[in-house]
Amino acid sequence: MAELKDKIIWITGASSGIGESLAYVCAEEGAKVILSARRENELNRVGDNCKCKKENIFVLHLDMAHTENVDEKVQEIVKRFGSIDILINNSGMGHRTLAVNTPTALDRKVMEVNFFGTINLTKAVAKQMQKQHSGKLVIVTSIMGKYGMPLYSTYSASKHALYGYFESLRQELFKDNISVLIVSPGFINTDVSTKLLLEDGSEYGIKSDAQEKGMSAKDCAKAIVKAIKSNRNHKFVGNYELFSVYVKQFFPKLFYKLMRKMTK
């Protein structure tokens, strides 16, 4: 895929962070962009800030915790634009809790948004792409899909699950000319850590030092778009923290020692 001009791109989690930056980068590339998230006011703000013709932006409210109507959402897009060329699954939520103290309701909520909501939407879009005999599915997961981190047990589990699902899906859809790109960001400078849920359901409210020092959301979005254009299967995005994946693989004792220190 050499360029994104005139491509129909659906971005979830587009109201802030990586999703917002992806909206701006894709719009600047000349794509027709569908913006989805729970917060419709924020989506409208992002849409207004996109540098493109206003008819190329479509704000479509979508709560990934409630994806019963995703088939209808797909048809709304097809009716307006005729097809869906790229789906960028970017929605997600996290928590900051000790595993044994995490309420089961919170475990289920994280899995519902990060995994089940994502695959429900993906299946609906993939069926449309099969009719077109073309398309690209992009899943923004995390380096925590490669290993678990203290205080993020269910979040890590949801990201592990996405790896398994989309690796399998890639093989199944190859015959339909549909490709799958898995993107694994490290620490990206967004406010996502402030919205992590605690045991009592309140938000953590603190931006981590790691994220403060992380890659900018804009640079992350540019790296993702570059990977989309290059037809890669997988892409790590971030800075020094990406070395942790290789430390775990080649120096596991050191890796787990460092993880235990982080718990303290």
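Remarks
- A Cβ distance below 6 Å, combined with a sequence gap of six or more or placement on separate chains, defines the contacts here; from segment 132-152, residues that are surrounded by fewer than 23 Cβ atoms within 10 Å (Cβ to Cβ) reach residues that are among the polar types (S, T, N, Q) and assigned to a loop (DSSP other than H, G, I, E, B) in the pairs Gln132/Ser83; His133/Asn177; Ser134/Asn177.
- Among residues of segment 191-217 that are under 21 Å from Lys109 (Cα atoms) and touching a residue at least 12 places away in the same chain (Cβ under 8 Å), those with a beta-carbon under 9 Å from a residue that is surrounded by fewer than 12 Cβ atoms within 10 Å (Cβ to Cβ) and of a type in the set (S, T, N, Q) at least six positions away or on a different chain give the pairs Glu199/Asn101.
- Unmet requirement for Ala105, which otherwise passes all of (1) surrounded by fewer than 20 Cβ atoms within 10 Å (Cβ to Cβ); (2) outside any helix (DSSP H, G or I); (3) out of contact with any Ser or Thr (no Cβ under 7 Å at 6 or more places or on another chain): (2)
- Checking each residue in segment 188-223 for being within 16 Å of Ala23 (Cα to Cα) and either part of a helix (DSSP H, G or I) or touching a His at 6+ places or on another chain (Cβ under 7 Å) (or both) picks out Ala217, Lys218, Asp219, Cys220, Ala221, Lys222, Ala223.
- Of the set (1) more than 21 Å from Val180 (Cα to Cα); (2) surrounded by fewer than 23 Cβ atoms within 10 Å (Cβ to Cβ); (3) under 19 Å from the mean Cα position of the chain (by Cα); (4) not small (Gly, Ala, Ser), all apply to Leu62 but (2).
- Meets criteria (buried (at least 17 other Cβ atoms within 10 Å of the Cβ) and touching a strand residue (DSSP E or B) at 6+ places or on another chain (Cβ under 8 Å)) for Val113: no
- Residues of segment 232-264 satisfying the condition of being surrounded by fewer than 13 Cβ atoms within 10 Å (Cβ to Cβ) and under 15 Å from Val140 (Cα atoms): Asn233
- Residue that is nearest to the chain's Cα centre (by Cα), among those in segment 178-195 that are of a type in the set (S, T, N, Q) and closer than 18 Å to Gly148 by Cβ: Ser184
- If the condition is being in a helix (DSSP H, G or I) and either under 13 Å from the mean Cα position of the chain (by Cα) or among the hydroxyl-bearing types (Ser, Thr, Tyr) (or both), then segment 145-159 contributes Gly145, Ser153, Thr154, Tyr155, Ser156, Ser158, Lys159.
- Which listed residue is within 18 Å of Ser134 (Cβ to Cβ) and either part of a loop (DSSP other than H, G, I, E, B) or without any contact (Cβ under 8 Å) to a residue 60 or more places away in the chain (or both), from Leu35, Leu43, Leu87, Leu4: Leu4
Every number in this text was worked out from the coordinates using simple rules, so none of it is lab data. Treat the numbers as computed from the prediction; the structure is a model and nothing was measured. Methodologically, a virtual Cβ is constructed for each residue, glycine included, from the backbone with ideal geometry; neighbour enumeration extends over all protein chains shown.
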